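The structure appears right after this line, and notes come after that.
Bear in mind that the values in this text are calculations on the coordinates, not laboratory data. What you see is a predicted model, and the numbers here were worked out from it, not measured in a lab. Neighbour counts run over all protein chains shown; Cβ positions are idealised from the backbone, glycine included.
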Amino acid sequence: MPKKNEYLEFLLEWLSPLGTITARSMFGGHCLYCDGVVFALLADGVPHLKVDDATRPRFERLGLAPFRPFPNQPEVMQYYPPPPEFFEDRDALLDWGRAAVEVGRRAKTKKRRALSPG
């Protein structure tokens with residue numbers, strides 16, 4: 001029987017105002033979905049929200065850095081940790097979380113367009 005991850009369970013509940021939140025294990029962490037759309041990662045016990053060109057500056061203005069899957073290598077992923085108020089204020093959670101879900105939706109739409117013939 002797999003060991004229960006209490007922090008992951010907390011995040012799933014905390015993020016539930018955004019929609020139906022689910023998680024899948026991936027590479028030692030978890031990929032988080034909202035209504036079937038990838039919007040966050042949980043790696044080394046830290047949540048990271050999906051960003052794109054429209055939302056990245058908001059994270060960078062706060063001095064937040066992108067997720068590095070391998071700390072000793074320069075590659076980064078387009079996921080940033082949320083600011084502290086994400087966990088302190090429900091309105092902040094909804095604001096930052098919805099932005100990440102929208103990034104996931106835009107990415108999914110872009111991917112579908114790239115795969116469709118024509």
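When a/c is below 1.5 the answer is rounded, else prolate if a/b is larger than b/c, else oblate, so apply that to the chain with a ≥ b ≥ c taken from the square roots of the Cα gyration tensor eigenvalues.
Rounded, because the longest to shortest axis ratio a/c is under 1.5.
Sorted ascending by nearby beta carbons within 10 Å, beginning with the fewest, 79, 7, 33 become 7, 33, 79. Under 17 Å of direct C-alpha separation, and excluding same-chain neighbours fewer than eight residues apart, residue 110 reaches these aspartates and glutamates: 52, 53, 102. Test of understanding: extend the Cα→C-beta vector of residue 75 to 7 Å, then name every residue of region 20-58 with backbone N under 15 Å from that spot. Only 27-28 fall inside the zone, counting backbone N under 15 Å. For the chain, which longest stretch is free of loop sites, where a loop site is one of the trypsin sites (Lys or Arg not before Pro) that DSSP puts outside H, G, I, E and B and that has at most 16 other Cβ atoms within 10 Å? Counting only loop sites that pass the neighbour cut-off, the longest clear stretch is 5-118.
For the residues 103, 38, what sequence is obtained by ranking on other C-beta atoms within 10 Å, fewest first? Starting with the residue having the fewest Cβ neighbours, the order is 38, 103.
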